[in-house]
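Working notes, structure below.
The values are calculated or read from the model by the stated rules, or taken from the named source; none is laboratory data. Since the structure is predicted, the reported quantities are computational estimates derived from the model, not experimental observations. So basically every Cβ, Gly included, is an ideal-geometry build from the backbone, and we count neighbours across all protein chains shown. Areas reflect the complete protein model, heavy atoms only, side chains present, ligands, DNA and RNA absent. Shrake-Rupley method; radii C 1.70, N 1.55, O 1.52, S 1.80 Å.
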Amino acid sequence: MAAFSILIEPAGLRFDAEAGSSVLLAAQAAGIKLPSSCRNGTCRACMCLMLEGSVTYCVDWPGLSRDEKEEGWILPCVAQATSALTIQAPLAAPIEPAAPVVRPLTGARR
């Protein structure tokens, strides 16, 4: 299966997305957090600008107007790369590993 390189600006984060995978899920698998909420193309929380490349959508009509699509706006939660992409997503960041939960020792047995 083909994979496409995706560059996120301005952070300079780069990852690969398998064909057929949403940009959002591929970013998460690569340890990159993009804003998101509904994950079905309606809330627009993940909306970002595509500077280069092309995408297709896994839903018939994502929550973008025709003008927004023509300007290059995409919804990564339902967008699938069909070429290498450069997107502008100012809130993108590496996913920080969760800190281990530290529980105080009480000496009690359970």
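Select from segment 1-59 the residues that are in a strand (DSSP E or B), more than 20 Å from K69 (Cα to Cα) and either open to solvent by less than 30 Å² (accessible area, probe 1.4 Å) or in contact with a Gly (Cβ under 6 Å, 6 or more places away or on another chain) (or both) and list them in ascending order. Those that are in a strand (DSSP E or B), more than 20 Å from K69 (Cα to Cα) and either open to solvent by less than 30 Å² (accessible area, probe 1.4 Å) or in contact with a Gly (Cβ under 6 Å, 6 or more places away or on another chain) (or both): F15, A17, I32.
Table: residues versus (1) assigned to a loop (DSSP other than H, G, I, E, B); (2) touching a residue at least 40 places away in the same chain (Cβ under 8 Å).
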position	(1), (2)
L64	yes, no
D67	no, no
T86	no, yes
L91	yes, yes
A98	yes, no
T106	yes, no
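Exactly one residue out of P94, P62, P100, P90 is farther than 21 Å from G12 by Cβ and either in contact with a strand residue (DSSP E or B) (Cβ under 9 Å, 6 or more places away or on another chain) or open to solvent by less than 90 Å² (accessible area, probe 1.4 Å) (or both), and it is P62. Within the option set P10, P62, being modelled with pLDDT of 95 or more, on the phi < 0 side of the Ramachandran plot and out of contact with any His (no Cβ under 9 Å at 6 or more places or on another chain) holds for one residue only, P10.
Of all residues in segment 71-84, those satisfying the criterion of being under 13 Å from the mean Cα position of the chain (by Cα) and either part of a strand (DSSP E or B) or over 14 Å from L51 (Cα atoms) (or both) are I74, C77, V78, A79, Q80, A81. Among the residues of segment 65-87, the one identified as of a type in the set (K, R) and either at pLDDT 95 or above or surrounded by fewer than 11 Cβ atoms within 10 Å (Cβ to Cβ) (or both) is R66.
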